[in-house]
Structure formats: structure tokens, C-alpha cells
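The structure appears below as C-alpha cells.
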Amino acid sequence: MSAEQNQTRPDDDHTVSLLTRTRILCGQCSDVVGVDGAAVAVFASDTSRDLMYATDITAERIDELEFTRGEGPGLAAYRSSVPELHPDLTEPAATTRWPMFAPEIFDLGVRAVFAFPLRMFNGARIGVLELHRTQPGRLDAQHYRAAANYAAALGPIVVEELDPSRHPTVIDPACLRAARCTWPPEWRPSSFGSLLPMPSPDYGRWRSRNTAGSR
């Protein structure tokens, strides 16, 4: 992967203030699971979504490519509510299934993608956590469990950070420990059912800016 493709995605002020926990969890997930990047997208429907955060430019481009081509593992994971694990995107299972997506993702230097659906506590699907690697390779059992646990935590968290008044987030600390999350002391729940701190962004201003260019 070129230096341009592998560069870190710059955070704007709104992302930093509004999606603090989403941003931190994405970065931690990328490190813990052993992938080269991560992205979180929230879907309004099967064909409409907003990219909430990407750890790097490549993760952002993967998301954009899936949207413009209308196919790919992230869309499939959201639509089926089942993880899409593709350790080698050169295999016929991927190239045949996604004939437009696969050749272009190779040009990005990506060789493996793992997409996990995001859900609320009631099971409602809301989006996708998508991880990528520049080299082919499977997720071992430990890394798969960690990714699944990050996805379980991120679903409610990203919705709350977008609109704290609608979805106060209650996270089971056991889930976060299983994912090996590292929380700042002021975020760390002391017992099951503890509320994680809520951000105080200007949500309306952020949402109006970001939905104006919604993909």
C-alpha cells in the first residue's frame, strides 16, 4: 500500500467532540484485532448510510467504494445481520460475488475485509463495523471474539453519541473486558449497568453539516 493510501484520516473538530468514544474504540479495535484500519457506518436503509468514522483514508475509500458500486462485505453484513469474513479477496467467492467491488479494492492495496453488523440492545440493526488488512489472513478465534465484542459495544455507543437524549448507553463491562478495551478512568464503569459518560456536543449543528452530504 502506498504512503498516500495508508495515511491516517484527519479528524475534524466535530468528529473529535461528537464521536469521542466511537473514535477511540475504532482505533483500539484496529490495534487489538491486528488489522490495518477500521470504519463505522450507520445505515438509514439498505441503500442509504453515513460514514461516522474511519481510522484511515483506505477505510474511508472502502466505504465509498461499496456505496458507489452497491456491493461489498459491509453492505452484505448489514443486510444479512451476519458477519462477513473475507481473509483473501482474491478468492473466487469474493470476486464472483462482487465483480465490481473486488477489482477496485485490489487497487487500494486491500486483501482482506471483515465486516460486523452493529445492533442496538433490542437487536435492531443500525450499521456496520468494517475492518481491513493489506495482507491476506484469517482472524483467529481470539481476534474474532474481540472484533465481535467491539461491534457489540459500538452499536449503542455510536447512536448515543449522535443523539444522547434518545439512547442512553448502558454497557456490560464484561463485554468491554472481553474486547480488551482500555477506558480512561473517568469512563470506566464500576459495575454492570453503569452509565458511560455522555458527550455534550452541538448535535444539531453537526448533524445538519454531515447529512447535507449524506451518501
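The values are calculated or read from the model by the stated rules, or taken from the named source; none is laboratory data. None of the values given here were measured: they were computed from a predicted structure. Here the Cβ is made from the backbone with ideal geometry for all residues, glycine too, and neighbour counts use every protein chain on show. These accessible areas exclude ligands, DNA and RNA; they are computed on the full protein's heavy atoms, side chains included. Shrake-Rupley method; radii C 1.70, N 1.55, O 1.52, S 1.80 Å.
Annotations for the structure displayed:
- Computed E for A44/R138 - FRET, C-beta separation, R0 35 angstrom, nearest 0.05: 0.60
- By accessible area, using a 1.4 Å probe on protein heavy atoms only, region 38-107 has 55% of its surface on carbon and sulfur.
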